[in-house]
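Colleague: Below: one structure in structure tokens.
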């Protein structure tokens, strides 16, 4: 599975996959061994558009700081990052996703094909725009290996879409080259369909894996051997480096396996029954802001990072939707049941708070 995100989705909507479905997409790609296709032209666009978006935010922030300074009379000036720093941070973010990235150079062949397509006014060229950059992206997609399954997420309605559907001529062109492509105008819909297409995907296991990966610097002692957290996550078919005993290899291997199972089981413990709790709190509050929801969950003894991960998992499964500032239930009947189940506990906690 290969995913392509245009700049509107990658930069403007998800802030380099840091919010609004971005983290869920990263987890799904990791679990499904999928790749995020970033041809050279897209990488350049990501950098340029992040710089532009940061400049816009910097202008708004500077105005707010100036107003604040006149209000309070004095304020230590704190410089906001300039373009050079923003570019460096963007490259660092892409580097952090390197294991998921599939790149492609902007070859002379791609440049020529995109230019010809633009001159011939073939999609993704639109009537109002020569769309050369879009043509470069599309020509890069067409050079993926035969058999590739591509999910193309874009808010560019004119270039790649016809109504609500990915342009049929682009679908046919890709199919003739052995590439299956599906287009989405919303990341949320793409996530739902990706999840539906992988019914065996254990989201609890995905969250547990994330939990362990956050401890990547810690060392895990297993009997007489010591494994790093990265060794615990050696892919199937690869053997994690375990210190061997010349006369007790099988015994150590059995002990290591038991400890590993125990470790993974323990990592999933924080997620037990939390789906019901988080959904119940969302339903009980009705239309809570994320701050209100996490505040209530905090009163129930649930750490904010854990609560956020569970909410993201519920959003991926389609039980709730993330509007940006709120989480809203999708199924009214289910929400009513969840609220009723949590009501006594919530009332008790709120009563203590008052």
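Colleague: Taking R0 as 30 Å, what's the FRET efficiency between residue 341 and residue 289 from their Cβ-Cβ distance, rounded to 0.05?
Modeller: With a Förster radius of 30 Å, E is 0.85.
Colleague: Right, something else. Calculate the radius of gyration of the Cα atoms of segment 273-353 to one decimal place, then report Dmax, the largest Cα-Cα distance, as a whole number, both in Å.
Modeller: Spelled out, the Cα radius of gyration and Dmax of segment 273-353 are 11.3, 33 Å.
Colleague: Still on this structure, please answer the following. Tell me the relative contact order for segment 2-196 as a rounded percent, counting alpha carbon contacts under 8 Å between residues six or more apart.
Modeller: 25 percent
Colleague: Related question: Take residue 317 and residue 1, extend 7 Å from each Cα along the Cα→Cβ direction, and tell me the distance between the two endpoints in nm.
Modeller: According to this spin-label approximation, the distance is 1.7 nm.
Colleague: Residues in segment 325-354, backbone N under 14 Å from the label point at residue 299 (7 Å along the Cα-to-beta-carbon vector): list them, ranges by number please.
Modeller: Under 14 Å, as judged by backbone N against the label point of residue 299, lie 343-354 of segment 325-354.
Colleague: Related question: Pairs of alpha-carbon atoms within less than 8 angstrom and 6+ residues apart define the contacts here; what relative contact order does segment 273-353 have, in percent?
Modeller: Details: 96 pairs, mean separation 34.6, N = 81.
Computed over segment 273-353, the figure is 43 percent.
Colleague: Sticking with this one: Tell me the label-point distance for the pair residue 18, residue 55, using the 7 Å Cα-to-Cβ offset, in nm and rounded to one decimal.
Modeller: Result: 2.0 nm between the two label points.
Colleague: If I model a spin label at residue 331 and residue 108 as a point 7 Å from the Cα along the Cα→Cβ vector, what separation in nanometres do I get?
Modeller: My value for the distance between the label points is 5.9 nm.
Colleague: Let me ask you something else. With viscosity set to 1.002 mPa s at 20 °C, what whole-number translational diffusion coefficient in µm²/s follows for segment 2-196 from Stokes-Einstein and a Kirkwood radius over Cα pairs?
Modeller: Reported coefficient: 118 µm²/s.
Colleague: Sticking with this one: Calculated FRET efficiency, residue 146 and residue 306, Cβ-Cβ r, R0 56 Å, to nearest 0.05?
Modeller: Between residue 146 and residue 306 the formula returns 0.85.
Colleague: Continuing with the same structure: How do 70, 50, 90 rank when sorted from fewest to most other Cβ atoms within 10 Å of their own Cβ?
Modeller: Result, fewest neighbours first: 70, 90, 50.
Colleague: If you don't mind, there's one more thing I want to ask. Using 0.36 nm per residue of separation minus the Cα-Cα distance, give me the extension gain between residue 91 and residue 165 in nm, one decimal.
Modeller: Residue separation times 0.36 nm, minus the Cα-Cα distance, leaves 23.4 nm.
Colleague: If you don't mind, another one. Hull surface divided by four, with the convex hull built on the Cα atoms of segment 128-194: how many nm²?
Modeller: One quarter of the hull surface, i.e. the mean projection, equals 4.6 nm².
Colleague: Using a 10 Å cut-off around each Cβ, can you sort 291, 326, 15 from fewest to most neighbouring Cβ atoms?
Modeller: 291, 15, 326
Colleague: Which of the peptides 143-156, 331-344, 56-69, 16-29 is most tightly packed, and how do the rest follow, going by the mean number of other Cβ atoms within 10 Å of each residue?
Modeller: Ranking the peptides 143-156, 331-344, 56-69, 16-29 by packing returns 16-29, 143-156, 331-344, 56-69.
FYI, it's all coordinate maths here, none of it is from the lab. The structure presented is a predicted model; accordingly, all values stated were derived computationally and were not measured. For neighbour counting, all protein chains shown are included, and Cβ atoms are generated from backbone atoms with ideal geometry for every residue, glycine included.
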